[in-house]
Amino acid sequence: MSDTDIRDAIYICIQEGRRDEIGPLVEKALEDGKDPLKIIEVILNPALKEVGDKFDSGDIFLPELIMSAEAMQAAVEILQPHLEKHKQQMKVTGRVVMATVQGDIHDIGKNIVCAMLRANGFQVLDLGRDVPAAEIVTKAKEFNADIIGLSALLSTTLPYCRDTVRLLDELGLRDRFKVFIGGGPANPDYADSIGATYGGPHAEAAVQNMLKAMRRD
Ligand code: B12
């Protein structure tokens, strides 16, 4: 199979939600020396974005969206250890608590950010998805985090980022953590308005921005 054939086949697996077929194709791309992050950014993300757009325009419905998400998840699970591969050789660059906020179950992007942070020497406590603000704050204290990373993919759940910052304020803990937000509806203006930092549109930007924040210490 040529590079183009593999790329097209992976793309189609995401589009058509072929969870059982995508694994061997991703493995083959890795065997051929493809960079795992490039597989995500150049093939998987654009394919899933097209699925999201079709869902948005009513051309496909939730069951299809779920099947595509499952194929994406299967591919990311294979790639994740490859993203994290170099972490043992590095010294700890910071401690991050990551969560997808309350009411939101989108976690594919957050999982990629976690893997990339680990690959860059961060210690990461991943709290999962649909996590209430109070739990995020408690765990950040216990973990002695430098950074709290919040992921929100829905316009309706983005306000939970603000709630988390407010809770930190109320508890007198705001200065203890840098708060980064990310995910589709997050943007620099919104981040500013709630007293947080926009972490960027993708995992690489998230890592660079968090590394920069740690260097300022
Ligand atoms: C996959 C998906 C799902 C899957 C999620 C599976 C999972 N385990 O995550 C399923 C099928 C479950 C789903 C459900 C729903 N979804 Co949905 N979903 C998507 C889809 C197609 C892709 C999201 C994704 O994984 N992208 C790939 C990853 C790699 O990208 P990413 O998430 O953006 O993450 C990157 C960056 O944002 C950044 N990042 C992410 N988090 C963070 C955090 C920090 C701190 C930083 C710095 C950076 C960062 O780095 C990541 C890696 O590069 C999007 C469409 C889209 N274009 O986003 C819709 C989308 C987000 N969903 C949408 C909707 C409406 C829903 C539902 C409400 C549908 C329904 N009627 O039930 C439910 C909501 C369920 C809930 N309560 O959360 C809408 C949201 C509209 C809006 N603005 O509110 C979208 C935009 C689709 C659309 N165009 O209409 N969905």
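Per-residue ellipticity at 222 nm from helix content only, as computed over the chain with -39500 (n - 2.57) for each DSSP H run of at least four residues, stands at -17000 deg cm²/dmol.
A 1.4 Å probe run over region 87-215, with the rest of the protein chains in place, finds 46 Å² accessible per residue.
FRET efficiency for the pair Ala134 and Val92, taken as 1/(1 + (r/R0)^6) with r the Cβ-Cβ distance and R0 = 22 Å, rounds to 0.25. Evaluated over the Cα positions of the chain, the convex hull gives a direction-averaged projected area, one quarter of its surface, of 12.3 nm².
Counting only protein heavy atoms and using a 1.4 Å probe, the accessible area of Met1 comes to about 140 Å². Taking all protein chains as they are arranged and a probe of 1.4 Å, the heavy atoms of Thr156 leave approximately 110 Å² accessible to solvent. Remark: relative contact order (the chain) = 16 percent; criterion is Cα-Cα distance under 8 angstrom and separation of 6 or more residues. Distance from the Cα centre of region 71-126 to that of region 139-194, in angstrom? Between the Cα centre of region 71-126 and that of region 139-194, the gap is 18 Å. Of the accessible area of the chain, computed with a 1.4 Å probe over protein heavy atoms only, carbon and sulfur atoms account for 51 percent.
Accessible surface area normalised per residue over region 19-78 is 56 Å², counting heavy atoms of protein chains with a 1.4 Å rolling probe. Amide H contacts of Val131 (H built 1.01 Å from N, in plane; Pro and chain starts excluded): Thr100, Val101, Gln102, Gly103, Asp104 sit under 5 Å, all sequence-distant by 5 or more or on other chains. For region 114-120, the Karplus equation 6.51 cos²θ - 1.76 cosθ + 1.60, evaluated at θ = phi - 60°, returns couplings of 4, 4, 5, 5, 4, 5, 9 Hz by residue, with Gly and Pro reported as x. Just checking the listed ones, Ile66, Ile78, Ile136: in the Gaussian network model of the chain with Cα springs under 10 Å, the one fluctuating most is Ile66.
The values are calculated or read from the model by the stated rules, or taken from the named source; none is laboratory data. A quick note: this is a predicted structure, and the numbers were derived from the prediction, not measured. Quick reminder, even Gly has a Cβ in these numbers, built from the backbone with ideal geometry, and neighbours come from all protein chains shown. For accessibility, only protein heavy atoms count, side chains too; no ligands or nucleic acids. Shrake-Rupley method; radii C 1.70, N 1.55, O 1.52, S 1.80 Å.
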